[in-house]
Amino acid sequence: MIGYQDRNQKHLFIVCSLGDLVPDDHILKCVDKAIDFSWILGEVRNLYDIERGRPSIDPQAALTLMLAGFFLGIVNDRKLMREAQVNLAIRCFAGYSLEDTLPDHSSLTRIRHRWGSETFKKCFRRIVKVCYSKGLISAETVHVDATLIRANVSWDNVVDTHVERVIKVNKYSTRTEKKVEKRILTDPDATLATNSRNHRLTPSYKQHVAVDDQSGVILDVILTTGNINEGDKIISQIHRIEQMLPVKLKYVTADAGYAYGKVFAGFEKKRISAIIPPKRIWANKNVIPLHRFKYDAQHDIVRCPKKKILHKTSQCKHGWYYKTATADCNGCALRNRCLSPKVNRRTVVISDTYPELLRARRKRSKWSSRDYWLYARHRWMVEGVNAEAKCLHGLQRAVRRGIENVTIQSFLTAATINLKRLAKAA
């Protein structure tokens, strides 16, 4: 017998709560049971005039609306509010009944501007602390990585600027070389960057994340322009984690992009074991590489392959220059491979943290089975979190422009991922 559904029914008459119509295993319903968002009112109270003006949108409703969009991969405000009109789960999660009028999409934009990225940072950190209280964070091992986020700009807005525009002020300048730089007109905060030498530069931001090994909870996230080096941020990330949570980290893993002497020195100072493979030593059979020059930290000298001594001469930004005597290089059998024809003695730069880098290279050759195991987990743990953020929660491309707006998007994405972990464990 063929069934029949009456499609002429225009009104809904039902006696139940809106939550009863949402499946119990729906992610928004699970999150609503796992955490209470009422604390947001205290975080933003000082941003509103309590006595004057029209009543604002409930801060808790605004936050949950934005989070609902990220849970469902809807990062565009207009599209989110159109979905919320017909999506019972979003209405229930944000506290709106079927009869309530939803806010206009532009209201969410104004709320983000009013709150600023610092408020969303506090929300993210509050969720991290809730995860810690529920036992989801061990904070014994942390995996750190960075990923590029495509800026929301067109290639037509990437233009060249020339240094000679400044130099030409001096009419007597004889410089003829041209240094071309790229500038993005519609989003000056973004910069051109790439994650591979085989890929073209793209207008980008860079997100730096630190993920706990136990449940994949994001412990720290920071957004920078695309050209910022990862090694400049990792130590400060670990410091913030230790300040936020009552823990003492034992292991930190990262890829070779973080293998700098300053990074190893920072972890030695903190007494944290850094599971970071040092970069491959560059080698050219026609040129004698730096690693052939042996640094003697005890006597603060450098010895060349022919056992000649290079003495410390002057300081540079990150270390010291060491130079040989001119007489030592004259007539040396390795001169053609060691010096260019216009140079009469060899100069090498030894960074202030070069001894720590040497110790890290020696340690790499003695990695234990646990070290290899932890680094293998890094490959899928933190990189998996970055892939999850991009593929499921809209972080592949920035939805708005400016580092402030993209920072808010980054915090909301990280908070969404952590809430998923929290809901699963509840």
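The values are calculated or read from the model by the stated rules, or taken from the named source; none is laboratory data. Quantities reported herein were computed from a predicted structural model and do not represent experimental measurements. All Cβ positions, even for glycine, are placed from backbone atoms using ideal geometry, and neighbour counts span all protein chains on display.
Among the residues here, Phe120 does not qualify as touching a Leu at 6+ places or on another chain (Cβ under 6 Å) and within 24 Å of Thr224 (Cβ to Cβ). Pairs meeting the criteria (first residue in region 376-394 and farther than 17 Å from Ser215 by Cβ, second residue polar (S, T, N, Q), beta carbons under 6 Å, at least 6 apart or on different chains) are Lys390/Gln396; His393/Thr413; His393/Thr416.
Just for region 366-415: of the residues that are among the hydroxyl-bearing types (Ser, Thr, Tyr) and assigned to a helix (DSSP H, G or I), which one is nearest to Cys131 (Cα to Cα)? Taking the candidates together, the pick is Thr413.
Could you please find all residues in region 30-84 being free of Cβ contacts under 8 Å to residues at least 24 places away in the same chain, within 14 Å of His105 (Cα to Cα) and within 27 Å of the chain's Cα centre (by Cα)? Once the filter is applied, which keeps residues that are free of Cβ contacts under 8 Å to residues at least 24 places away in the same chain, within 14 Å of His105 (Cα to Cα) and within 27 Å of the chain's Cα centre (by Cα), region 30-84 yields Gly69, Lys79. Residues that are assigned to a helix (DSSP H, G or I) and either surrounded by fewer than 18 Cβ atoms within 10 Å (Cβ to Cβ) or on the phi > 0 side of the Ramachandran plot (or both) within region 98-116 comprise His105, Ser106, Ser107, Thr109, Arg110, His113, Arg114, Gly116, listed in sequence order. Quick check: anything in region 110-118 at pLDDT 95 or above, closer than 30 Å to Trp373 by Cβ and not aliphatic (A, V, I, L, M)? Checked region 110-118: no residue is at pLDDT 95 or above, closer than 30 Å to Trp373 by Cβ and not aliphatic (A, V, I, L, M). From the list Asp58, Asp32, the one residue that fits, being closer than 30 Å to Ile222 by Cα, modelled with pLDDT under 95 and either among the polar types (S, T, N, Q) or in contact with a helix residue (DSSP H, G or I) (Cβ under 7 Å, 6 or more places away or on another chain) (or both), is Asp32. The strands (runs of 3 or more DSSP E) located wholly in region 210-310 that include 3 or more residues which are assigned by TED's automatic domain parsing to the domain that holds Pro188 and surrounded by 15 or more Cβ atoms within 10 Å (Cβ to Cβ) occupy 218-225, 251-253, 273-275. Among the residues making up region 234-289, those that are of a type in the set (D, E, K, R) and under 22 Å from Gly216 (Cβ atoms) are Arg240, Glu242, Lys248, Lys250, Asp255.
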